[in-house]
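Student: Next up is a structure, given as structure tokens.
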Amino acid sequence: MNINNNSSVYKQFVLWLLVVVWTGMLFFFSSQTAAESTVLSGDTIRALLRIFRPEFLELTTLQQNQLVAGLQHLVRNAAHVLSYFGLAILCMIALRQHHLKTGQQAVLTLLLCIGYALTDEMHQLFVAGRAFEFTDLGLDLCGSLTGLAVVLIVIVLKRQKAKRQMLKSL
């Protein structure tokens, strides 16, 4: 085995390890009971509000709690989209290291992301206070499609740049 091949195998390993770590993080969060998840998202919202709305600290406890409760749904939905946005990017980058056509990589990325989202929702059937939610699957799909689109746009732009540079050198 030559050095370039070892480097390629190492790169593939690291990239797939990142995918596994990301899915492990998703599994950890969906393993939380509904109460634990609510506390975590509430704490996250409070921390963000302290940064982006300093007047939040001047509100009464009741007003703070109402504001946090009002943002819970939005933050949870955003977490689904962002989580699967990241998963799609990581999967596509890992698949780019294999000898597949870009279209095949894209399809595999979507299958991996949606497959994981389905198993994640099924997993939540066994977690206290959690349930299988079709809306969550839709959010996961939106995040996956957006992450995939970003990678595909970067690929197209890189190809166009390479083509322009090749034409300049002629």
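Student: Out of residues 5 or more away from Arg130 or on other chains, whose amide H comes under 5 Å of its own, with H placed 1.01 Å from N in the peptide plane?
Tutor: Amide H to amide H, under 5 Å and 5 or more residues apart or across chains, Arg130 pairs with Ala34.
Student: Follow-up. Which length gain, in nm to one decimal place, applies between Arg76 and Ser8 when the Cα-Cα distance is subtracted from 0.36 nm times their residue separation?
Tutor: On the way: separation 68, 0.36 × 68 = 24.48 nm, distance 3.73 nm.
Length difference between fully extended and current span is 20.8 nm.
Student: Quick one: accessible area per residue over the chain, 1.4 Å probe, rounded to a whole number of Å²? Intermediate results must be reported in sequence, preceding the final value.
Tutor: Details: 11010 Å² over 170 residues.
With the other protein chains kept in place, the chain gives 65 Å² per residue.
Student: Local charge sum around Phe27 (other residues, Cβ-Cβ under 13 Å, Lys/Arg +1, Asp/Glu -1)?
Tutor: -1
Student: Place a point 7 Å from Cα of Val127 in the direction of its Cβ. Which residues in segment 5-37 have their backbone N less than 11 Å from it?
Tutor: Residues 25-37 fall inside that zone.
Student: Counting only helical runs of four or more DSSP H residues, what would the 222 nm mean residue ellipticity of the chain come to if each run contributes -39,500 (n - 2.57) and the total is spread over all its residues?
Tutor: Values: 5 runs with 141 residues, N = 170.
That calculation yields -30000 deg cm²/dmol at 222 nm.
Student: Under a plain spin-label model, where a point goes 7 Å from the Cα along Cα-to-Cβ, how far apart in nm are Leu59 and Ala162?
Tutor: 5.0
Student: Which far-off residues, 5 or more places away or on another chain, put their amide H under 5 Å from the one on Leu59, with H placed in the peptide plane?
Tutor: Residues meeting the criterion, in which the H sits 1.01 Å from N, do not exist here.
Student: What are the membrane-span-like helices in the chain by this rule: whole DSSP H runs, Cα extent along the axis at least 24 Å, mean Kyte-Doolittle hydropathy at least 1.0? Mind dumping the intermediate values first?
Tutor: On the way: long enough: 3-30 (40 Å, 1.05); 34-52 (27 Å, 0.71); 61-95 (49 Å, 0.93); 102-124 (33 Å, 0.47); 134-169 (52 Å, 0.67).
What comes out of the filter, once short or polar helices are dropped, is 3-30.
Student: Now for a different question. How large is the dipole of segment 13-135 about the Cα centre if only Lys and Arg carry +1 and Asp and Glu carry -1, each at its Cβ, rounded to the nearest 20 debye? Please list the in-between numbers first.
Tutor: On the way: 7 positive and 7 negative charges, 66 e Å.
In debye, rounded to 20, segment 13-135 gives about 320.
Student: Only Cα pairs within less than 10 Å get springs; with that Gaussian network setup on the chain, which residue of Leu95, Leu71, Leu110 has the largest fluctuation?
Tutor: For the chain, modelled as a Gaussian network with Cα springs under 10 Å, the answer is Leu71.
Student: For volume of the Cα convex hull per residue in Å³, the listed values are (1) 121; (2) 163; (3) 113; which was obtained by calculation from the structure presented?
Tutor: For volume of the Cα convex hull per residue in Å³, the calculated option is (2).
Student: Follow-up. Given a 1.4 angstrom probe, I'd like the percentage of the accessible area of segment 52-156 that is carbon and sulfur, rounded to a whole number.
Tutor: On the way: 4320 of 5920 Å².
Of the solvent-accessible surface of segment 52-156, carbon and sulfur hold 73 percent.
Student: Using the Cβ atoms and a cut-off under 15 Å, what net charge is assigned to the surroundings of Gly147, where Lys and Arg are +1 and Asp and Glu are -1? Walk me through the numbers on the way to the answer.
Tutor: Working: positive: Arg96; negative: Asp140.
Value of the local net charge: 0.
The values are calculated or read from the model by the stated rules, or taken from the named source; none is laboratory data. Predicted model, so just to flag it, every value in this text is computed and none were measured. As a convention, Cβ positions derive from the backbone with ideal geometry for all residues, glycine included, and neighbour counts pool all protein chains shown. Note: accessible area is taken over every heavy atom of the protein model, side chains too, but ligands, DNA and RNA are not part of it. Shrake-Rupley method; radii C 1.70, N 1.55, O 1.52, S 1.80 Å.
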